[in-house]
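Q: Structure below; questions to follow.
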Amino acid sequence: MARRVDGRPAGLALLGTIHAHNGKTSRRLLSLAVDRSSRNAGIGRALLRLAETVVRRDGLEEMFALYSGHMTSRNAFESVLAACAWEAPRASEYMLKCEVKCAFGALDEWSFLLERLKRGGFRTVSWQDLSTTDHRAIAETSATGRVHSDWQPGAHTDQTSADFSLAMYHDKEIAGWIVGCRSSETQVHYPLGYTLPRFQRRGYLIAGMLESCLRQVEKLGGDSVAAHWTLPGSAMHRFMETRLVPHLRGQGDLKGRSMNATGSSTTGVRYLALKRL
């Protein structure tokens, strides 16, 4: 949707494709932009209301916006959402992005944990190497109702994820999974890391994250970037902030070469806003 003033483009609203989640259908508001010379004239509100009309006409139940806390126009954007009676934004995702060669430094710090887990039966299997029996076990575990739909691998795996995803096991029993999706030639984002409740607080997810980074080094090189996502306020969020981020300010090593991670990592929060139609 676009708005013109005196024959020239003055604003644009861009919607995503239909999104199904938890039994509801919605569209994402991908962008809402107004030319600087045309701001403070209600164009943003008019475009957003028009977008809502289009989504409502399509019979969908809600709209949502997912955006970075670093967005320079965040205050203006949120004021338009509020004026159109959207729900107050809430922190939805925490992200840690770093070069995967940082994993070599972490191997030294957590070597004792990794050895203990290995002796206790922990192992990982690449998604490409999973057998039909393995896939059936994961599907059956997901179908029990004890794994929230957001944490089921089927919601995240696609053609970009086979090389960078893995399943975690305790001996022969499925213990969790990590899904990584290649987003560019040099970057993989990891939207999902999950361990079943009975295997949590053992360090499985730490070991799985390290393994996924090491596999990414093999496929894309140590300078490639990994972006890990988790829920704000979660145990993994606290672990990233207290253990991983400080580590990234130190030194790592890649095949004998010293590596200073300072400046190669970033953190951020993405916010979610909803409008029920």
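The values are calculated or read from the model by the stated rules, or taken from the named source; none is laboratory data. Bear in mind that the values here come from a model prediction, so they are computed numbers and not experimental data. So basically every Cβ, Gly included, is an ideal-geometry build from the backbone, and we count neighbours across all protein chains shown. Ligands, DNA and RNA are stripped out before the accessible areas are found, and what is left, the full protein with its side chains, is counted by its heavy atoms. Shrake-Rupley method; radii C 1.70, N 1.55, O 1.52, S 1.80 Å.
Q: Report the full-extension gain for the segment Arg136 to Ser184: residue separation times 0.36 nm, less the Cα-Cα distance, to one decimal in nm.
A: Once the chain is fully extended between Arg136 and Ser184, it gains 14.3 nm.
Q: By how many nm would the segment from Glu115 to Asp171 grow when fully extended, if each residue of separation counts as 0.36 nm and the alpha-carbon distance is taken off?
A: Result: 18.7 nm gained on full extension.
Q: Give me the angle, in degrees from 0 to 90, between the Cα long axis of helix 74-83 and the longest principal axis of the Cα atoms of the chain, rounded to the nearest 10.
A: Orientation of helix 74-83: about 60 degrees from the principal axis.
Q: Let me ask another. When the label point is put 7 Å from the Cα of Ser234 along its Cα-to-beta-carbon vector, which residues of segment 98-136 have a backbone N closer than 19 Å?
A: Under 19 Å, as judged by backbone N against the label point of Ser234, lie 98 of segment 98-136.
Q: Taking amide hydrogens as modeled 1.01 Å from N in the peptide plane, which residues meet the under 5 Å criterion relative to Phe122, leaving out close sequence neighbours?
A: The list, which skips near neighbours in sequence, is Asp171.
Q: Using the Karplus curve 6.51 cos²θ - 1.76 cosθ + 1.60 with θ = phi - 60°, work out ³J(HN,Hα) for each residue of segment 48-55 in order, rounded to whole Hz, and write x for Gly and Pro.
A: 5, 5, 5, 4, 4, 4, 4, 5
Q: Here's something else I'd like to know. For Ala88 and Asp223, what does the FRET efficiency come to when R0 = 45 Å and r is the distance between their Cβ atoms, rounded to the nearest 0.05?
A: Working: r = 40 Å, r/R0 = 0.88.
Efficiency computed from Cβ-Cβ geometry: 0.70.
Q: Which value, in Å³ per residue, describes the convex hull spanned by the Cα atoms of segment 95-184?
A: Values: hull volume 11.6 nm³, N = 90.
Hull volume over Cα atoms, normalised by residue count, gives 129 Å³.
Q: A further question on this structure: Leaving ligands, DNA and RNA out of it, work out the accessible area of Asp129 with a 1.4 Å probe and give it in Å² to the nearest 10.
A: 110 Å²
Q: Using only protein heavy atoms and a 1.4 Å probe, report how much of Lys24 is accessible, in Å² to the nearest 10.
A: Here the residue's solvent-accessible area equals roughly 80 Å².
Q: Suppose the chain between Asp129 and Asp108 were pulled fully straight at 0.36 nm per residue; how much longer would it get relative to their current alpha carbon spacing?
A: So the extension gain works out to 4.8 nm.
Q: If Rh is defined by the Kirkwood formula over all Cα pairs and Rg also comes from Cα, what ratio Rg/Rh do you get for segment 174-238?
A: 0.99
Q: Plugging the Kirkwood radius over Cα pairs into Stokes-Einstein for segment 15-76, at a temperature of 20 °C and a viscosity of 1.002 mPa s, what D comes out in µm²/s?
A: 165 µm²/s
Q: Shifting gears a bit: Heavy atoms only, 1.4 Å probe, whole protein assembly: order Thr242, Thr25 by accessible area, highest first.
A: Sorted descending by solvent-accessible area, the residues read Thr242, Thr25.
Q: Let me ask another. Report Rg/Rh for the chain, rounded to two decimals, where Rg is the Cα radius of gyration and Rh the Kirkwood radius.
A: Looking at the chain, the ratio lands at 1.03.
Q: For the chain, please report how many Lys pairs fall under 23 Å Cα to Cα, leaving out neighbours fewer than 8 apart on the same chain.
A: Lysine pairs meeting the criterion: 8.
Q: Out of residues 5 or more away from Ser31 or on other chains, whose amide H comes under 5 Å of its own, with H placed 1.01 Å from N in the peptide plane?
A: Leu14
Q: Could you run the Karplus curve 6.51 cos²θ - 1.76 cosθ + 1.60 with θ = phi - 60° over segment 231-242 and give me ³J(HN,Hα) per residue in whole Hz, x for Gly and Pro?
A: 7, x, x, 7, 4, 5, 4, 5, 5, 4, 5, 8
Q: Once amide H atoms are placed 1.01 Å from N in the peptide plane, what residues at a sequence separation of 5 or more from Gly11, or on another chain, have their amide H within under 5 Å of its amide H?
A: Result for Gly11 returns Arg3, Asp35.
Q: What are the ³J(HN,Hα) values, in whole Hz, obtained from phi via the Karplus relation 6.51 cos²θ - 1.76 cosθ + 1.60 with θ = phi - 60°, for each residue of segment 196-211 in sequence order, with x given for Gly and Pro?
A: Here the 3J(HN,Hα) series is 4, x, 6, 10, 6, 6, 10, x, 4, 5, 4, 5, x, 4, 4, 4 Hz.
Q: Express as a percent, rounded to the nearest 5, the fraction of DSSP beta bridges in the chain (both residues included) that run antiparallel.
A: 90 percent
Q: Could you bin all the Cα-Cα distances of segment 38-139 into 10 Å bins starting at 0 and give me the percent of pairs in each, rounded to whole numbers?
A: Once binned at 10 Å, the Cα pair distances of segment 38-139 give 10, 22, 20, 17, 20, 11, 1.
Q: Can you give the FRET efficiency to the nearest 0.05 for Met1 and Met71, using r as the Cβ-Cβ distance and R₀ = 30 Å?
A: Approximately 0.90, to the nearest 0.05.
Q: Once you place label points 7 Å from the Cα toward the Cβ at Arg146 and Arg28, how far apart are they in nm?
A: That separation, rounded to one decimal, is 3.2 nm.
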